[in-house]
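Chemist: Take this structure first; my questions come after.
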Amino acid sequence: MRRFSSLLFAILLFIGVAAASAQSIHSGAGRQVSITAGGMASIFQPDFEGDNWVCVDPNVTPCTVGYIPYAGASNYKLYGVGAYVDVRMRRWMQLEAEGRLLRWHQFEGVSEVNYLIGPRLPVYNFWKASVYGKVLGGRSKLNYGDYWGYPEGSHYYTDMAFGGGVDLKLTKRLSLRAVDVEYHYWPSWNNSTLSPYGASVGVGYKIF
């Protein structure tokens, strides 16, 4: 929770810096700049279950050289909460930062945390809806739990996320993140890869 609190503080700081920069751009160049901050609830398939372990050397029976984790769909989806910030500098120049804490409905103590940022692309607008795509990058943490007493306990990995969704404008300031889906790719995970994926819903507030 301390790390996640630090993330929320960092997002608020990011909002402040971006707001100051955006106001400068807006006043200096007359462009329409906006910042929206929001919260979300998520459900994710972590692609790792607490008992997904194999012996380091499969030829050793019984295993006395230790175990390593392997990827595999989990029967226990993770639930969590998060926060996001969207910065719109121009029509085709947008940025999204997000943080997500997935720690509910754990199996054997397995949980994940995401810290991501990257470009956001508006795809199509109709009625009060805005369809968007995004490509994010950053770091994510996997807590392995204690099923096998894995010595690392938890570890951070490079994470790339590809996704998109639909935002609905409710009022001048409020918007509903009706759906947001993401497919994550961890390219270097224990000599393999990990591919969590999931969906989120949320509410955003347009700061200006």
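The values are calculated or read from the model by the stated rules, or taken from the named source; none is laboratory data. Nothing here was measured: the structure is a model prediction, and the numbers come from that model. Reconstructed Cβ throughout: ideal geometry from the backbone, glycine too, with neighbour counts over all protein chains shown.
Chemist: Report, by residue number, each residue of the stretch 104-146 that is basic (Lys, Arg) and either under 21 Å from Asp86 (Cα atoms) or touching a Gly at 6+ places or on another chain (Cβ under 6 Å) (or both). Explain how you work it out, then say what you get.
Modeler: Here is the first cut: in the stretch 104-146, the ones basic (Lys, Arg) are 120, 128, 134, 139, 141.
Scanning the stretch 104-146 gives Arg120, Lys128, Lys134, Arg139.
A quick yes/no check of all residues on (1) farther than 30 Å from Gln32 by Cβ; (2) free of Cβ contacts under 8 Å to residues at least 60 places away in the same chain; (3) surrounded by 21 or more Cβ atoms within 10 Å (Cβ to Cβ):
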residue	(1), (2), (3)
Met89	no, no, no
Glu98	no, yes, yes
Val131	no, yes, no
Leu136	no, yes, yes
Thr158	yes, yes, no
Leu170	no, yes, no
Tyr185	yes, yes, no
Ser188	yes, yes, no
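Chemist: Which members of the stretch 86-131 meet the condition of being within 17 Å of Leu176 (Cβ to Cβ) and among the polar types (S, T, N, Q)?
Modeler: If the condition is that a residue be within 17 Å of Leu176 (Cβ to Cβ) and among the polar types (S, T, N, Q), then Asn125, Ser130 are the ones that fit.
Chemist: While we're looking at this one, here's another question. So which residues in the stretch 43-59 are surrounded by 15 or more Cβ atoms within 10 Å (Cβ to Cβ) and not hydrophobic (A, V, I, L, M, F, W, C)? Give the derivation first.
Modeler: Here is the first cut: in the stretch 43-59, the ones surrounded by 15 or more Cβ atoms within 10 Å (Cβ to Cβ) are 43-50, 52-53, 55.
Of everything in the stretch 43-59, those that are surrounded by 15 or more Cβ atoms within 10 Å (Cβ to Cβ) and not hydrophobic (A, V, I, L, M, F, W, C) turn out to be Gln45, Pro46, Asp47, Glu49, Gly50, Asn52.
Chemist: Can we say Val65 is without any contact (Cβ under 8 Å) to a residue 60 or more places away in the chain and hydrophobic (A, V, I, L, M, F, W, C)? It would help to see each step written out before you state the result.
Modeler: Numbers: without any contact (Cβ under 8 Å) to a residue 60 or more places away in the chain: yes; hydrophobic (A, V, I, L, M, F, W, C): yes.
Yes.
Chemist: Suppose the filter is of a type in the set (S, T, N, Q) and free of Cβ contacts under 8 Å to residues at least 12 places away in the same chain; does Asn143 pass it?
Modeler: Details: of a type in the set (S, T, N, Q): yes; free of Cβ contacts under 8 Å to residues at least 12 places away in the same chain: no.
So Asn143 does not fit the description; no.
Chemist: Okay, next question. Hand me the list of strands (runs of 3 or more DSSP E) wholly inside the stretch 65-115 holding 3 or more residues that are closer than 14 Å to Asn143 by Cα. Step through it out loud before you land on a result.
Modeler: Values: elements: 67-69, 78-90, 93-104.
In the stretch 65-115, 93-104 are the strands (runs of 3 or more DSSP E) which contain 3 or more residues that are closer than 14 Å to Asn143 by Cα.
Chemist: Hey, another quick one. So which residues in the stretch 138-155 are modelled with pLDDT under 90 and either surrounded by fewer than 16 Cβ atoms within 10 Å (Cβ to Cβ) or more than 22 Å from Gly72 (Cβ to Cβ) (or both), if there are any at all?
Modeler: Asp146, Gly149, Pro151, Glu152, Gly153, Ser154, His155
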